[in-house]
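Undergrad: Here you go, one structure.
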Amino acid sequence: MAVRADLETALRAASKAIGVTDVPDLELGRAKNPDHGDYASSAGLKLARGLRQPPNQIAARLAEVIEIPDGAATPQAIGGYVNFRLSEAWLQGLVERVATGGPGYGASDIGRRERIQVEFLSVNPTGPLHIGHGRGAILGDSLARLLEFTNHDIEREYYVNDQNTQARMFGESVYARLHGDPPPERGYTGEYVSELAEMSRRELTGIEKLPHDEAEPKLRAFAIAAMVDRIRASVGRLNVRYDEWFPESQLWAEGLPQLAIERLREGGYLKEREGALWFGPALEEEDGLGEQVIAEDESRVVIRSTGEPTYFASDLGYLLSRFERRHFNRVVEVWGADHHGYVPRMKAAVAALGYDPERLVIILNQLVNLKEGKMSKRAGRFVTLDELVDRVGSDAVRYFYLLRSPDTTIEFDLELALSQSNENPVYYAQYAHARLFNVELTAAEKHPRLRETADVSLLTQPWELDVARQLAFWPEVVEDATRLMEPHRVPYYVHDLATAVHRFYHAGNEDGAHRVVVDDPLLTRARLELCRAARHTLKTALDLIGVTAPERM
RNA sequence: GCCCGCUUAGCUCAAUGGAUAGAGCGCUUGACUUCGGAUCAAGAGGUUGCGAGUUCGAGUCUUGCAGCGGGCACCA
């Protein structure tokens with residue numbers, strides 16, 4: 001379906017036809033200069049060395065020999081380049097296919113039902129989400145949508161840390177508030193902790209009378225459940241959903257960390273030192289005294305000298321849970337860049353447990369920093385994700401975050417975000433969608449009995465073909481965004497398509513003969529087909545980034 | 001100190017090693033008595049942080065330097 005892939009295949013075949021045995025990457029991509037057509041390839045330059053011929057001759061021969069399926073494009077050799085221009089007839093046919101095919105255009109089977117878990121956000125459920133958390137949530141959710149669209153079998157998971165140090169500290173903090181005490185050192189101080197204490201008094205009858213050791217676990221479970229509900233609601237407002245909320249405690253109930261430790265011990269990956277149990281893939285290194293030495297940056301404590309396991313022990317079990325128990329072929333995790341130092345250890349752990357580390361894919365996204373002086377935790381002002389969504393709206397928030405590649409740091413300026421929320425580029429795209437919808441209604445009113453099928457050969461105006469051309473690009477955008485796991489490519493595409501749509505519409509303002517709705521029912525019908533194709537594709541693309549496609553604004 | 005990421009127009013950001021580096025915002029100037037002006041058209045604005053290297057070709061790859069962010073726990 002993706003025309004770029006068809007052209008590339010054809011070009012490779014042509015390369016072989018002129019005597020190339022081992023065809024390198026020919027770098028077929030979009031032409032930047034319109035004079036060069038729609039796609040360009042530097043095939044002649046790439047093949048010159050191997051063939052020992054001048055690039056321009058090679059390009060010329062390729063253009064002569066190449067057979068392009070469906071007459072999708074015409075080749076032209078310029079210098080060492082082979083350029084392609086999408087043909088008018090093919091573009092017209094595409095409009096019809098997209099218009100009648102519904103909203104699935106661009107979907108592909110590159111996933112082949114591969115079973116993948118996408119785990120994202122997974123922050124300790126010990127407080128409300130703040131502005132920075134939104135980025136991981138939106139990135140992970142959009143990635144999952146893309147992977148689903150390309151036929152991967154996706155499960156979205158939130159890993160709930162319900163029994164680690166932070167969780168216990170959370171329980172202790174609620175306990176303290178329940179008894180009117182200040183929270184413990186490095187405990188949780190927010191007002192919501194006191195609210196949780198009050199809630200627990202109402203809902204856990206007699207809780208305040210229980211001794212500490214009995215009360216704290218109950219309070220912890222209660223408070224975490226409440227926070228998980230709150231997190232679920234917060235991300236739900238952003239159109240983010242999960243299939244599974246997987247508690248850390250379940251790992252231990254299933255004996256998975258224990259099993260992982262056993263396996264690592266058998267593999268010689270564990271070492272006792274100073275009363276603690278360490279994981280270290282570099283165990284085979286020896287120092288001069290014959291003592292085994294663990295390379296410092298690779299090693300990690302699994303069981304503390306106190307006998308308590310660390311989060312790393314849970315993570316080992318979590319890997320088994322997913323690869324061994326639940327049989328995911330790959331696991332994609334979205335992490336904030338502040339955890340990047342942990343990547344090598346997790347990869348090493350995957351390998352030590354006997355799995356290909358490639359099966360663990362870690363997507364890092366840079367942090368969202370608050371502009372200094374605007375707000376401060378110490379000053380008691382905490383900008384929550386909920387507050388941002390309240391004031392800007394889900395669509396604008398999602399678009400704002402997704403317009404940035406994961407590896408740029410965002411300097412978040414709340415005031416600026418609020419003052420510019422009406423200028424968010426998301427409205428440009430949504431307006432294009434609403435506009436098309438409206439035009440289609442108008443067409444139906446003026447011509448109540450239009451033909452079932454359109455004569456798309458009537459779509460000959462350059463601004464009409466430009467819309468069709470954008471449609472042609474959509475499958476490759478999906479493919480690239482999926483393969484590179486870069487959802488930000490989608491909103492950039494949406495903007496390009498919306499631009500083509502607005503221009504197409506405006507041609508009718510310049511000259512009434514170019515409107516969609518004209519006296520000629522056949523011409524109206526053909527343009528209506530283009531509107532539908534563009535609208536479906538806009539909607540599909542917006543869906544993939546979790547943004548609504550309104551019919552009126 | 002060591003490790004990771006970033007540095008592109010005034011600002012926020014795009015750009016598979018390919019031809020003339022693109023958008024949005026802001027700025028200047030234009031465009032509707034008729035399909036929605038949250039729109040469209042035109043213009044100004046660049047030594048891609050600095051230097052070296054690889055290559056027919058570098059914003060993109062390698063390397064040195066500088067600046068910014070993050071990380072280097074028996075925290076997560």
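Undergrad: Output wanted: per-residue J couplings in Hz (rounded whole) for the stretch A:151-157, from phi through Karplus 6.51 cos²θ - 1.76 cosθ + 1.60, θ = phi - 60°, x for Gly and Pro.
TA: 6, 9, 8, 9, 10, 9, 10
Undergrad: When N counts the residues of chain A, how does its alpha-carbon radius of gyration compare numerically with 2.2 N^0.38 Å, as a ratio?
TA: Ratio of Cα Rg to 2.2 N^0.38 Å: 1.19.
Undergrad: Output ³J(HN,Hα) for the stretch A:70-85: one whole-Hz value per residue in order, computed from phi by the Karplus curve 6.51 cos²θ - 1.76 cosθ + 1.60 with θ = phi - 60°, and x for Gly and Pro.
TA: 3J(HN,Hα) across the stretch A:70-85, in whole Hz: 6, x, 4, 8, 10, x, 8, 8, 10, x, x, 9, 10, 9, 9, 10.
Undergrad: Beyond 28 Å, how much of the Cα-Cα pair distribution for the stretch A:340-497 remains, as a whole percent?
TA: Within the stretch A:340-497, distances greater than 28 Å cover 48 percent of Cα pairs.
Undergrad: I'd like to check one number: the per residue accessible area of the stretch A:1-102, probe 1.4 Å, reported in Å² as a whole number.
TA: 52
Undergrad: Express the carbon and sulfur contribution to the solvent-accessible surface of chain A as a percent, rounded to the nearest whole number, probe 1.4 angstrom.
TA: Summing carbon and sulfur atoms, their accessible area is 48 percent of the total for chain A.
Undergrad: Next question. In the full protein assembly as shown, how much of A:Phe222 is accessible to a 1.4 Å probe, in Å² to the nearest 10?
TA: The value for A:Phe222 is about 30 Å².
Undergrad: Only bridges with both residues in chain A count here: give the DSSP antiparallel percent, nearest 5.
TA: Antiparallel bridges: around 50 percent, rounded to the nearest 5.
Undergrad: Follow-up question, since we're still on this one. Applying a 10 Å radius around every beta-carbon, put A:431-440, A:39-48 in order of their mean neighbour count, most first.
TA: Order by mean packing, descending: A:39-48, A:431-440.
Undergrad: For the stretch A:422-476 and the stretch A:301-333, what is the separation of their Cα centres, given in Å?
TA: With the stretch A:422-476 and the stretch A:301-333 each reduced to a Cα centre, they are spaced 50 Å.
Undergrad: With no solvent and one equal point scatterer placed on each C-alpha of the stretch A:1-105, evaluate the Debye formula and give log10 I(q)/I(0) for q = 0.09, 0.11 Å⁻¹, two decimals.
TA: Scattering profile of the stretch A:1-105, log10 relative to I(0): -0.23, -0.34.
Undergrad: Beyond 18 Å, what share of the Cα-Cα pairs of the stretch A:141-295 remains, rounded to the nearest whole percent?
TA: Value for the stretch A:141-295 (Cα pairs over 18 Å): 71 percent.
Undergrad: If you don't mind, another one. Find the centroid of the Cα atoms in the stretch A:69-103 and in the stretch A:1-33, then give the distance between the two in whole Å.
TA: First find each Cα centre; the distance between them is then 15 Å.
Undergrad: Also, I was wondering about something else. Using only the heavy atoms of the protein chains and a 1.4 Å probe, how would A:Leu403, A:Leu251 rank by accessible area, largest first?
TA: Accessible-area ranking of A:Leu403, A:Leu251, largest first: A:Leu403, A:Leu251.
Undergrad: Relative to the longest principal axis of chain A, what angle (0 to 90°, nearest 10) does the C-alpha long axis of helix A:3-17 take?
TA: Orientation of helix A:3-17: about 70 degrees from the principal axis.
The values are calculated or read from the model by the stated rules, or taken from the named source; none is laboratory data. Being a predicted model, the structure only gives us computed values, none of them experimental. With ideal geometry, Cβ positions are generated from the backbone for all residues, glycine too; neighbour counts draw on all protein chains shown. Remember, those area values only see protein heavy atoms, side chains included, never the ligands or the DNA or RNA. Shrake-Rupley method; radii C 1.70, N 1.55, O 1.52, S 1.80 Å.
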